[in-house]
Amino acid sequence: MSSSSKAFQWLSLVGIIWLQSINGTNTTFPAYSSQLKNTLSMSQLQINNLVFASDAGKLFGWFSGIAAIYLPLWLVLMIGSLLGLIGYGVQFLFVTNQLASPAYWQVFLLTMVAGNSVCWINTVCYVVCIRNFPFHQQVAVGLTTSYQGLSAKIYTDIVSAFFSSSPHKRARAYLLLNSLLPLIVCAVVAPFVRDIDVVTGKQPRNMATGFRLMFVITIATGIYAVITSLGSMIGLDRMIGTGVFLLIPLVIPIAEKIRDILSRRWSLADRENKVYNVSIDDQNGLESIESGVVKEEEEEEHTTTVQVHNEVSEVQVQHGFGVREEIGVKLMVRRIDFWLYFLVYFFSATIGLVFLNTLGQITESRGSSKTSSLVSLSSSFGFFGRLMPSLLDYFFARSKHMISRPAFLVAVAAPIAGVFFLLLNPANVSLIISTAVIGVCTGAITSIAVSITTELFGTKKFSINHNVVVANISIGSFLFGYSSALLYRKEGNDDGSCLGMACYKGTFIIWGSLCTLGTVLALMLYARTRKFYSKRS
């Protein structure tokens, strides 16, 4: 691979970072759900059903997996952004009275379409990372996926900077941004979203420096996000700062391009000096020297190729992408490990996502008006959670003390169970701590699930297999959200509202118990896959 191709390889990674940063449109729902409830005169049960509708769109995410096999990736990307434009854009027209007041089924269907749009963009992001970084795909996927955790914060900062503080106007602003921003970013990034042939005679040299720099930039971005979520900076300043941090990764492909240009100039100057020193009269000498130069270049190229293949082997050991078996959906659903994995996700990350989706109502029931701050906080900590697996994998892969991915699942599933019982405490600090912990752990499971899917079931059918795995989010969103809404209504007033700890007390006890079950199932998955992961280490 030439330095120019290597620069484009890094540019594709930066493009994926930008896509993931704006692709979490569904995570903004808690910030405006209460206003949407009042504007469209919905009950709490109907609002919870809209949360399910957003996640139900992922039940059809496998369509994007099939499309990624047969269609150009840029087209798959644009289809996803257009689905988001329709889903959120028409809702915006309803809320602003540009269209007649909608029936509930229309809002439900539009929310489902909007939720499905996320799958299309996610699929493109995963496929590009896996194909363009074959020896670093786990790290590339984990690093870029972490940026989706920033989506809610980015949208919240933009709304705070440019739109009125009126709750109803902010709800309209979220819907407008959700419809337009992904379309704009997808149009900008589409030219960079394509395969790069990295399996050639000249493999890229060790990319450790680039990834280390990328991790430093990513960690700095996360620290900035957390500080500004907890601090009192105005929206415009927060937005400008976040924008700068999203542009900084461009340093790496630009540096590679500059290095390529300088390398070519030095090579040209070196050749000119060699030709200049050759005597024109000594034709035989010239031929001898030219032969020697060609031979020297061939030997140098051979040496470089050998060194590169050694480096590739080293990368495979350090970040080894082991695959237990290559299977499709039909065989996958017959595996006990799949159902253990499916249920672990279902009773941990999915419950965490349902909590985050209902954060607006939970905050309101506890008498707090800090919904936007909590959404931004969960987004920032979710960013670090998504980054954590790839960070540990990259820097500690050679360590004998590095735990396997199923063991990591156990480590991050257990705290989710604990904080649901902490939420029974009425203090505001318990809500803040629980939101942060659930954000971190849910983000970590979401990120590491990509690696587990590929390692246990292969890469060839990954785009379809993983969409089947994450279909559990839709099922859980309906079951957990619906039961939560029923308990909320039971404790609420005649007008459908509910204030006090009793509104979600029963829900937190149930969710905490189910997450405890999820932790036990994670231990079972770890026991069953321990032999496979011990061979890899």
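The values are calculated or read from the model by the stated rules, or taken from the named source; none is laboratory data. Fair warning: this is a prediction, and the values are worked out from it, not measured in the lab. Counting neighbours? That spans all protein chains shown, and the Cβs are built from the backbone with ideal geometry, glycine included. In case anyone asks, the SASA skips ligands and DNA or RNA and just uses the protein heavy atoms, side chains included. Shrake-Rupley method; radii C 1.70, N 1.55, O 1.52, S 1.80 Å.
Annotations for the structure displayed:
- Filter result (among the charged types (D, E, K, R) and outside any helix (DSSP H, G or I)) within region 453-493: 460, 461
- Only one of the listed residues (490, 460, 531) is farther than 16 Å from residue 405 by Cα, surrounded by fewer than 19 Cβ atoms within 10 Å (Cβ to Cβ), free of Cβ contacts under 8 Å to residues at least 24 places away in the same chain and of a type in the set (Lys, Arg). That residue is 490.
- Any hit, region 137-144, residues being among the small types (Gly, Ala, Ser) and in a loop (DSSP other than H, G, I, E, B): no
- Tally, over region 164-184, of residues that are open to solvent by 70 Å² or more (accessible area, probe 1.4 Å) and among the hydrophobic types (A, V, I, L, M, F, W, C): 2
- The numbered conditions (1) within 23 Å of the chain's Cα centre (by Cα); (2) over 30 Å from residue 248 (Cα atoms) are all true for residue 47 except (1).
Yes or no, residue by residue, for (1) polar (S, T, N, Q); (2) within 24 Å of the chain's Cα centre (by Cα); (3) farther than 27 Å from residue 47 by Cα:
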residue	(1), (2), (3)
471	no, yes, no
481	no, yes, no
486	no, no, no
491	no, no, no
502	no, no, no
512	no, no, no
521	no, no, yes
525	no, yes, yes
530	no, no, yes
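- Pairing each residue of region 105-119 that is open to solvent by 40 Å² or more (accessible area, probe 1.4 Å) with any residue that is part of a helix (DSSP H, G or I) and not hydrophobic (A, V, I, L, M, F, W, C), provided the two are 6+ apart or on different chains, yields C-beta distances under 6 Å for 112/57; 113/87.
- Pairing residues of region 314-332 that are at pLDDT 85 or above with residues that are surrounded by 15 or more Cβ atoms within 10 Å (Cβ to Cβ) and of a type in the set (Phe, Trp, Tyr), at Cβ distances under 6 Å and at least 6 apart in sequence or on separate chains, gives 332/338; 332/457.
- Yes/no for residue 431 being open to solvent by less than 10 Å² (accessible area, probe 1.4 Å), among the aliphatic types (A, V, I, L, M) and more than 18 Å from residue 340 (Cα to Cα): yes
- Checking each residue in region 26-63 for being closer than 17 Å to residue 474 by Cβ and among the hydroxyl-bearing types (Ser, Thr, Tyr) picks out 27, 54.
- Qualifying position, being outside any loop (DSSP other than H, G, I, E, B) and open to solvent by 30 Å² or more (accessible area, probe 1.4 Å), among 415, 426, 406, 389: 415
- Complete set of residues in region 163-172 that are over 14 Å from residue 152 (Cβ atoms) and touching a residue at least 24 places away in the same chain (Cβ under 8 Å): 167, 168, 171, 172
- Qualifying positions in region 333-386 - of a type in the set (S, T, N, Q), touching a residue at least 60 places away in the same chain (Cβ under 8 Å) and outside any helix (DSSP H, G or I): 348, 358, 368
- Which listed residue is of a type outside the set (Ser, Thr, Tyr) and either open to solvent by 20 Å² or more (accessible area, probe 1.4 Å) or closer than 15 Å to residue 25 by Cβ (or both), from 132, 122: 122
- Condition met for residue 152 (open to solvent by 10 Å² or more (accessible area, probe 1.4 Å), under 18 Å from residue 185 (Cβ atoms) and aliphatic (A, V, I, L, M)): no
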